[in-house]
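Take a look at the structure set out below.
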Amino acid sequence: MGQIKPSLLITLAVMLMTVLLAQERTFYILHTNNTNGALENCYCPDHPFGAVEKRSIYVSNFLKKHPNTILLDAGDIFTMTHQSLKDSLMAEAYNQLPYDVILFGDQELTMSDTKLNQLVGQMDIPVVGTNIDHPETVKSHIIEKEGLRIAILGIIDPYAVKYYPKDVREKIELSDPIESIQAEMEGLKDKADIFILLTHQGADLDYVIAEKINGLHTIIGGHSQSAIETPETVNGALIAQAGKEGYYIGVVELIIKDGNVVEQSGRIDTMKLAMPDDQRIMQMIEEYEQRSGRINHQKSKLKEKH
């Protein structure tokens with residue numbers, strides 16, 4: 001049997017890609033924000049939610065059912081008070097979750113460089129910072145999924161660090177968010193099919209960005225800790241955010257045809273206490289309790305009842 005000519009292989013590959021792009025497909029984005037160091041939550045009657053220990057299993061099950069999915073985080077992953085042990089365990093947990101890209105929040109950027117570099121190394125996840133001048137960030141990150149080229153950008157508005165002490169603010173270098181996004185999108189216009197923007201600035205400013213920038217498909221927000229149950233589309237961009245403390249995970253669904261987004265919707269799913277725990281995360285929680293002496297008494301009471 002003779003060899004197939006390279007030109008024929010290229011032609012067949014192009015034809016296959018054309019067929020794939022012409023088909024209507026569903027692409028998913030799972031997103032989180034403002035986890036705030038919550039490996040688990042208080043098990044309080046008025047806040048009956050899980051956190052990362054539930055999220056891990058949820059994500060794993062979702063990916064098995066929907067492999068055409070990416071997982072993103074819009075910042076404030078770690079504790080507000082920069083608790084070294086808890087932050088290190090959270091970085092380890094994020095390393096075990098299949099995050100594709102993350103964005104720094106103000107709680108990351110106000111850490112010491114030494115500590116932040118250590119945590120980023122532990123997580124081993126690309127960090128976007130389109131308007132952030134920091135050695136651990138890249139302007140954008142492109143993910144390829146079944147012929148789709150998805151560009152992930154990320155910004156933090158100076159407003160997010162407005163109330164920090166002056167000496168802390170002066171160490172954080174941020175360029176204009178709008179100009180930074182537009183410049184990066186212009187450079188990627190022939191390299192990406194879908195543009196997703198991670199933001200850490202609050203939902204109100206997400207609406208402003210959506211109005212001012214054409215070509216965005218999804219804006220995944222953070223900072224305001226808004227639990228947006230039914231995301232809205234503004235100027236073609238679906239604006240989503242998934243609350244705080246790991247209570248929820250956001251799910252964005254994009255319908256793609258001929259390489260274009262033809263329909264989009266979103267929701268948030270609650271991490272209920274009845275959901276299964278990831279035993280790897282539970283071991284981290286036990287380590288934290290043993291080393292810190294801070295025991296979750298509400299959890300102990302609940303276990304005693306069962």
*Find out how many positive minus negative residues lie around P231, taking Lys and Arg as positive, Asp and Glu as negative, among other residues whose Cβ is under 11 Å from that of P231.*
-3
*Max mean-square fluctuation residue, GNM over the chain, Cα-Cα springs under 10 Å, options A183, A91, A151*: A183
*Can you figure out the FRET efficiency of C44 with S84, using R₀ = 30 Å and their beta-carbon distance, to the nearest 0.05?*
0.70
*Report relative contact order for segment 23-305 in percent, whole number only (criteria: Cα-Cα under 8 Å, sequence separation at least 6).*
24
*Taking H placed 1.01 Å from N in the peptide plane, check which residues at least 5 places from G50 or on another chain put their amide H under 5 Å from its amide H.*
M271, K272, L273
*Separation in nanometres of the label points that stand 7 Å from Cα toward Cβ, at K191 and R25*: 2.1
*How many percent of DSSP beta bridges within segment 23-305 run antiparallel, rounded to 5?*
55
*In square nanometres and to one decimal, what's the mean projected area of the convex hull around the Cα atoms of segment 23-305?*
14.7
*Tilt relative to the chain, helix 84-96 - C-alpha long axis, 0 to 90 degrees, to 10*: 30
*In deg cm²/dmol and to the nearest 500, what is the mean residue ellipticity at 222 nm of the chain if only DSSP H runs of at least 4 residues count, each as -39500 (n - 2.57), divided by the residue total?*
-10500 deg cm²/dmol
*Step through the table entries K54/K86; K64/K244; K139/K244, compare each Cα-Cα distance with 20 Å, and write down the pairs that go over it.*
K64/K244; K139/K244
*Calculate the spin-label point distance for H66 paired with I178, positioning each point 7 Å from the Cα along the beta-carbon direction, and give it in nanometres.*
3.3
*How large is ³J(HN,Hα) for each residue in segment 187-198, as worked out from phi by the Karplus curve 6.51 cos²θ - 1.76 cosθ + 1.60 (θ = phi - 60°), to whole Hz, x for Gly and Pro?*
x, 9, 4, 9, 10, 9, 9, 10, 10, 10, 10, 8
*DSSP loop GluC sites (Glu not before Pro) in segment 137-209 with at most 16 other Cβ atoms within 10 Å of their Cβ, which ones?*
E146, E170, E173
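Computed from the coordinates by the stated procedures, all read-outs in this text should not be read as laboratory data. What you see is a predicted model; the values in this text were computed from it and never measured. Using ideal geometry, Cβ is built from the backbone for each residue, glycine included, and neighbour counts are taken over all protein chains shown.
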